[in-house]
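Chemist: A single structure is presented below for examination.
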Amino acid sequence: MQTSKFKSLFNLAAINKNVIRTSVTTTAAKSENLKPWKEIPGPSSLPIIGQLHHFMFGGVFTNMEDPQTITRLAKKYGPIIRLDSIFGKPPLIFLSDPESAAFVLRSENWMPIRPDLESLEYYRKYYKKNKGNKVRTTGLSTEHGELWKEFRSTVNPVLLQPKTIKLYTAVIDEVAQDMIDRMKASRDDNNMITKDFYKEMNLWALESIGTVALGCRLNCFDPNLPAESPEWQLFECIQELFATSYEIDFKPSLWRLFATPKFNKAMKLYEQHENLLKHFINKGKDNLKNKSGIEKGVLEKLLEINEETAYIMASDMLFAGVDTAANTVTATLYLLANNPDKQAKLREEIMSRSERRPYLRACIKESMRLMPVVSGNARKTSKMYNILGYEVPKGVNVIFAHQAMSLMENNFPKANEFIPERWLVKKNDPLYYGHAHPFVCLPFGFGVRSCIGRRIAELEMDTFISKLVENFEMEWFGPPPKTVHRALNYIMGPYNFIFKDIK
Ligand code: HEM
């Protein structure tokens with residue numbers, strides 16, 4: 001039981017509301033001093049339909065895909081916003097107060113529950129079981145409690161060891177070089193990529209994570225790959241899965257009450273994904289027979305635990321590691337193309353061939369602050385909280401609005417500008433990132449449940465972005481690309497990049 005009390009020590013200036021904060025949070029709070037959950041500000045609620053009308057024409061959630069929705073709501077309602085239960089989905093709270101976020105995230109750090117991909121959880125826990133499959137642990141993305149903890153403790157030593165990740169340096173470099181060659185070959189006379197840029201970045205990310213999760217090159221870049229090949233099917237299946245899961249997991253949907261056509265489609269796609277992964281893991285196992293070198297890679301180590309662990313982890317890596325890396329690279333390229341001075345500075349660092357590349361790291365961090373692929377982390381409360389004077393009950397999904405907080409001037413000065421230097425300058429510089437509360441910007445999540453693929457993602461992105469900057473002078477024309485918020489923030493284009501060869 002959490003008993004400690006935190007006092008709020010700093011001002012909240014960014015929000016239009018005057019919120020006088022006395023205490024932040026405590027689970028042992030005296031509830032008589034707290035305002036009830038229903039009084040938390042938020043869109044109005046009607047009898048029976050609750051807040052549903054706000055999702056309809058003209059409502060604040062009509063355009064849920066607008067990444068600025070939470071910023072707008074925070075301006076209107078303040079740092080804590082309530083959304084009631086709709087169609088069986090648990091109620092939701094958006095928090096844009098970093099100290100409260102810190103308290104909840106820390107308090108939930110023993111066995112955190114992250115509300116996420118509910119339809120995938122259903123597929124893994126119930127749909128498979130109904131078909132006669134034994135299901136013990138379903139994976140990091142979908143498991144909670146003791147089973148999650150046990151599984152995470154088993155796979156942490158495999159995925160978080162720098163020595164193991166380093167083994168992939170050469171093959172990740174090979175994938176990046178192949179993608180550069182593919183991009184060079186697909187430019188028109190104006191040095192613009194003629195292929196679908198969104199797909200291209202996703203192909204790069206799938207090919208990269210495939211080397212780790214499946215222990216083999218998928219060869220997705222092969223221009224002669226037939227549409228019915230397992231490689232292409234896997235790529236298409238992942239894209240479709242994300243679109244379908246968004247429709248039923250993140251938008252109001254009745255699938256929790258009965259099997260809707262979209263729900264049935266999602267189950268079919270999850271099944272197809274599983275079968276394709278098993279095919280590729282078998283290919284990876286064959287590769288292991290001809291392996292040279294004694295150091296064991298991720299697939300080999302996971303297979304040593306058992307085959308189910310290798311499959312579950314591969315599935316999670318492909319779910320969590322493709323769109324995330326692809327969108328982060330696209331965002332970084334856009335920001336570099338739009339800021340030629342920063343791009344030139346980065347090129348200088350890369351061309352120096354120094355092993356340390358602090359400016360590259362700073363550019364990626366800054367891109368994840370300004371245009372994050374994950375707009376907010378989330379936890380389901382395992383107990384009652386006092387947040388900013390309100391009683392927040394157990395079982396509520398709390399979304400920490402990191403994207404909104406990261407773009408507030410009181411957290412990061414010149415918040416809307418791309419300034420990688422803020423991650424490198426000293427304390428006495430007003431731009432120094434450390435002046436912001438550490439829970440404002442958490443692109444890889446927090447604590448024991450933070451991103452297990454972080455090291456792999458960093459290796460992939462560092463390698464690919466370095467090669468891009470080394471090979472191309474990147475320019476951008478026209479307005480910024482459109483970004484839509486689904487489960488993640490997706491950069492949808494138009495992709496007005498120009499990739500000129502470096503002379
Ligand atoms: C730029 C790339 C990426 C970003 C920004 C990112 C971000 C995140 C975030 C925010 C979480 C939730 C953490 C939390 O709840 O505290 C997460 C979880 C996770 N990520 Fe990543 N991720 C990236 C790439 C990857 C890659 C390449 C993999 C593949 C290995 C991966 C695998 C996972 C898995 C399996 C989880 C669930 C962990 C758990 O619940 O125990 N991610 N990621």
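Chemist: Within region 100-126, track down each residue that is surrounded by fewer than 18 Cβ atoms within 10 Å (Cβ to Cβ) and not charged (D, E, K, R).
Modeler: Asn109, Trp110, Met111, Tyr126
Chemist: If you don't mind, another one. Within the bounds of region 379-398, is there any residue that is in a helix (DSSP H, G or I), more than 16 Å from the ligand (Cβ to nearest atom), hydrophobic (A, V, I, L, M, F, W, C) and over 26 Å from Leu160 (Cβ atoms)?
Modeler: Looking through region 379-398, none of the residues is in a helix (DSSP H, G or I), more than 16 Å from the ligand (Cβ to nearest atom), hydrophobic (A, V, I, L, M, F, W, C) and over 26 Å from Leu160 (Cβ atoms).
Chemist: Write out, first by first residue and then by second, each pair whose Cβ atoms fall under 9 Å of each other, whose residues are 6+ apart or on separate chains, and whose first residue, in region 170-182, is assigned by TED's automatic domain parsing to the domain that holds Cys216 while the second is in a helix (DSSP H, G or I) and basic (Lys, Arg).
Modeler: Asp173/Lys467; Ala176/Lys467; Gln177/Lys467; Met179/Lys467; Ile180/Lys467
Chemist: Which ones in region 438-452 are part of a loop (DSSP other than H, G, I, E, B), touching a residue at least 24 places away in the same chain (Cβ under 8 Å) and surrounded by fewer than 17 Cβ atoms within 10 Å (Cβ to Cβ)?
Modeler: Listed by number, the list holds a single entry, Pro438.
Chemist: Just for region 473-495: of the residues that are in contact with a strand residue (DSSP E or B) (Cβ under 9 Å, 6 or more places away or on another chain) and free of Cβ contacts under 8 Å to residues at least 40 places away in the same chain, which one is farthest from the ligand (Cβ to nearest atom)?
Modeler: That would be Phe477.
Chemist: Can you confirm whether region 324-331 contains a residue that is in contact with a helix residue (DSSP H, G or I) (Cβ under 7 Å, 6 or more places away or on another chain) and modelled with pLDDT under 95?
Modeler: No; the residues of region 324-331 include none that is in contact with a helix residue (DSSP H, G or I) (Cβ under 7 Å, 6 or more places away or on another chain) and modelled with pLDDT under 95.
Conditions (1) in contact with a helix residue (DSSP H, G or I) (Cβ under 9 Å, 6 or more places away or on another chain); (2) at pLDDT 90 or above; (3) farther than 26 Å from Leu92 by Cα, marked per residue:
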| position | (1), (2), (3) |
| --- | --- |
| Leu234 | yes, yes, yes |
| Lys251 | yes, no, no |
| Lys262 | yes, yes, no |
| Ser292 | no, no, yes |
| Leu299 | yes, yes, yes |
| Met317 | yes, yes, yes |
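Chemist: Quick test of your reading of the structure: Arg455 fulfils all but one of (1) more than 13 Å from the ligand (Cβ to nearest atom); (2) surrounded by 17 or more Cβ atoms within 10 Å (Cβ to Cβ). Name the failing condition by number.
Modeler: Failed condition: (1).
Chemist: Just to confirm my filter: which helices (runs of 4 or more DSSP H) fall fully inside region 96-163 and include at least 2 residues that are over 24 Å from Phe263 (Cβ atoms), in contact with a strand residue (DSSP E or B) (Cβ under 7 Å, 6 or more places away or on another chain) and assigned by TED's automatic domain parsing to the domain that holds Asn386?
Modeler: Fully inside region 96-163 and qualifying: 98-107.
Chemist: Which number in (1) in contact with a helix residue (DSSP H, G or I) (Cβ under 6 Å, 6 or more places away or on another chain); (2) at pLDDT below 95; (3) in a helix (DSSP H, G or I) marks the one condition that Gly215 misses?
Modeler: Unmet condition: (3).
Chemist: Cβ-Cβ under 9 Å, sequence separation 6+ or interchain: first residue in region 120-141 and more than 15 Å from Tyr270 (Cα to Cα), partner part of a loop (DSSP other than H, G, I, E, B) and of a type outside the set (Asp, Glu). Which pairs?
Modeler: Correct list of pairs: Leu140/Ile452.
Chemist: Now, a different point. Looking at Arg361, Arg357 in this structure, which one is within 16 Å of the ligand (Cβ to nearest atom) and either within 24 Å of the chain's Cα centre (by Cα) or over 18 Å from Gln68 (Cβ atoms) (or both)?
Modeler: Arg361
Chemist: Can you name the condition, by its number, that Gly78 falls short on among (1) loosely packed, with under 14 Cβ neighbours inside 10 Å; (2) at pLDDT 85 or above; (3) at positive phi?
Modeler: (1)
Chemist: Check whether at least one residue in region 393-403 is of a type in the set (D, E, K, R) and touching a residue at least 40 places away in the same chain (Cβ under 8 Å), and report yes or no.
Modeler: Checking region 393-403: not a single residue is of a type in the set (D, E, K, R) and touching a residue at least 40 places away in the same chain (Cβ under 8 Å).
The values are calculated or read from the model by the stated rules, or taken from the named source; none is laboratory data. Quick caveat, the model's predicted, so the values are computed rather than measured. Methodologically, a virtual Cβ is constructed for each residue, glycine included, from the backbone with ideal geometry; neighbour enumeration extends over all protein chains shown.
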